[in-house]
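What follows is calculated from the coordinates using simple rules that are stated; it is not laboratory data. This one's a predicted model, so the numbers in the text were calculated from it and none came from an experiment. Here the Cβ is made from the backbone with ideal geometry for all residues, glycine too, and neighbour counts use every protein chain on show.
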Amino acid sequence: MRTNQLKASLRYLLATIVAGLLAACTADQDVEEATQAANTDHLSEPIVVYSSRKQHLIEPVFEQFTQQTGITVEYTTDKAGVLIERIKIEGQNTPADLLITVDAGNLGYAAAEGIFQAINSAVINETVAPHLRDEQDLWTGLSLRARTIVYSTERVKPDDLSTYQGLGESQWQGRLCLRTSKKVYNQSLVAMLIAEQGEVKAEQTVAAWIANLAISPTSNDTKVMQAIAAGQCDVGIVNTYYFGRLEAKNPDLPLALFWPNQSEAENSGVHVNVSGAGILKYSNNPDQARRLLEWLATEQAQALFAGLNKEYPVISHGAIDPQVSAWGAFKQSPLALSKAFQLQPAAVKLMDRVSYK
Ligand SMILES: [Fe+2]
């Protein structure tokens, strides 16, 4: 009873304060000014980003956004899994507005965990190709990387190469290096192989790769390339930006990229993946978060965001970094990257069945 009385008194007090405030702004002009001030306050709130993309790849981008819009961006970086757990634990109290992470497998996982809200942006829908966005509009790609074949220019002729499946041919016995199956990049690659070829053919392909391995799967993409350069194997599969980093350090490295599956067939093409982002379900500032995403899809922002990591833009006419552009143009797989998460359980089981460690 006392609680109810207290509530009633508080309501009366609040009503009195509000009435007083309203009386203070009698003229329309005053009300307008108050509204403007409130809007400006909202605009000046920083956007809070949780990012598994590293600091040196995002800070210059956010600085440029702030210069152009006056809106500051605060960010925290950590591993994708850690950030997604943190967002779940923080729930409605999360200070974050946006999650930036890499690989459609991770983005799909975040979406399935229910931490995103629909992006609802005509700008994103018009500028980012549909296969690089979530089918439910819960995340969008922000930069594109290919997971493609790398080969020794000393021991392999590009004419010997053709497709991902081709790496299972007998000519590559004891000559192939792969990264471990534990990495989401390979889980997504195999998931997209299943999407493209069906599970039976995809399993034959991956089993044939394992039969051709020169050494045990390595812990990262760079080690795959180092093993090829050192003569331990002759071909491998890596993300393009790792090649870009190694090439920038050592332009004379006897390695080159090859674009497989370039036939006219409908679903063929190089397997691509994205770094991307989603607006958090409990963002206090979804309009501002959307504004940042839309700005990131501009030509200028794309050149910076993708270029800093030797990646490709996700917009069709985006400028490509000169080093990246020198690797040549390729046809990319048109399959929706939402499948990378949907088919991830099947991919993991498949890799387990063929003893891909
Ligand atoms: Fe990576």
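Of all aspartates and glutamates in the structure, the ones whose alpha carbon falls short of 15 Å from that of residue 223, not counting any fewer than 8 places away in one chain, are 234, 247.
Applying the Karplus relation 6.51 cos²θ - 1.76 cosθ + 1.60 with θ = phi - 60° to the range 226-236 yields 3J(HN,Hα) values of 5, 5, 5, 4, 7, x, 6, 8, 10, 9, x Hz, where x marks Gly and Pro.
The long axis of helix 286-296 is offset from the longest Cα principal axis of the chain by roughly 40 degrees.
Placing unit charges on C-beta atoms (Lys and Arg positive, Asp and Glu negative, everything else neutral), compute the dipole magnitude of the chain about its Cα centre in debye, rounded to 20. Let's see the in-between values first.
Details: 30 positive and 38 negative charges, 284 e Å.
Charge dipole of the chain: 1360 debye, to the nearest 20.
Fewest neighbouring Cβ atoms within 10 Å first, the residues 62, 341 line up as 62, 341.
With contacts taken as Cα pairs under 8 Å at a separation of at least 6 residues, the chain carries a relative contact order of 26 percent.
Multiplying the residue separation of residue 226 and residue 66 by 0.36 nm and subtracting their alpha-carbon distance yields 53.7 nm. Against the chain, whose longest principal axis is taken from its Cα atoms, helix 28-44 shows a tilt of about 30°. Per-residue Karplus couplings for the range 45-60, computed as 6.51 cos²θ - 1.76 cosθ + 1.60 with θ equal to phi - 60°, are listed in order as 5, x, 8, 9, 10, 9, 9, 8, 7, 5, 3, 5, 8, 10, 4, x Hz, Gly and Pro entered as x. In this structure the amide hydrogen of residue 271, modeled in the peptide plane, comes within under 5 Å of the amide hydrogens of 147, 333, none closer than 5 places in sequence on its chain.
The simple Förster model, with R0 at 22 Å and r as the Cβ-Cβ distance, assigns residue 78 and residue 357 a FRET efficiency of 0.25. The protection proxy used here, the mean number of other Cβ atoms lying within 10 Å of each residue, ranks peptides 115-126, 247-258 as follows, highest first: 115-126, 247-258.
Since only 231, 218, 207 are under comparison, the one whose Cα sits farthest along the positive direction of the charge dipole of the range 201-288, derived from C-beta charges on Lys, Arg, Asp and Glu, is 218. Would you please classify the overall shape of the chain from the alpha carbon gyration tensor, given that a ≥ b ≥ c denote the square roots of the eigenvalues, rounded means a/c under 1.5, and beyond that prolate means a/b larger than b/c while oblate covers the rest? Note, shape of the chain comes out prolate. Per-residue ellipticity at 222 nm computed for the chain from its helices equals -14000 deg cm²/dmol, with DSSP H segments shorter than 4 residues left out and the rest contributing -39,500 (n - 2.57). Sequentially through the range 256-268, phi angles give Karplus couplings (6.51, -1.76, 1.60; θ = phi - 60°) of 8, 8, 10, 9, x, 6, 8, 5, 6, 3, 3, 9, 7 Hz, Gly and Pro residues having no value and appearing as x. In a fully extended conformation the segment linking residue 316 and residue 169 would gain 49.4 nm over its present Cα-Cα distance, using 0.36 nm per residue. Partner aspartates and glutamates whose Cα lies under 18 Å from the Cα of residue 201, excluding those fewer than 8 positions away in the same chain, are identified as 169, 266, 352.
For 172, 259, the sequence from fewest to most other C-beta atoms within 10 Å is 259, 172. Here the calculated FRET efficiency for residue 92 and residue 122, from their Cβ-Cβ distance with R0 = 41 Å, stands at 0.90, rounded to the nearest 0.05. Please list the non-local residues whose amide H lies under 5 Å from the amide H of residue 77, H modeled 1.01 Å from N, same-chain partners needing a gap of 5 or more. Hits under the 5 Å cutoff: 51. The fewest-to-most ranking of 316, 52, 275 by surrounding Cβ atoms within 10 Å reads 316, 52, 275.
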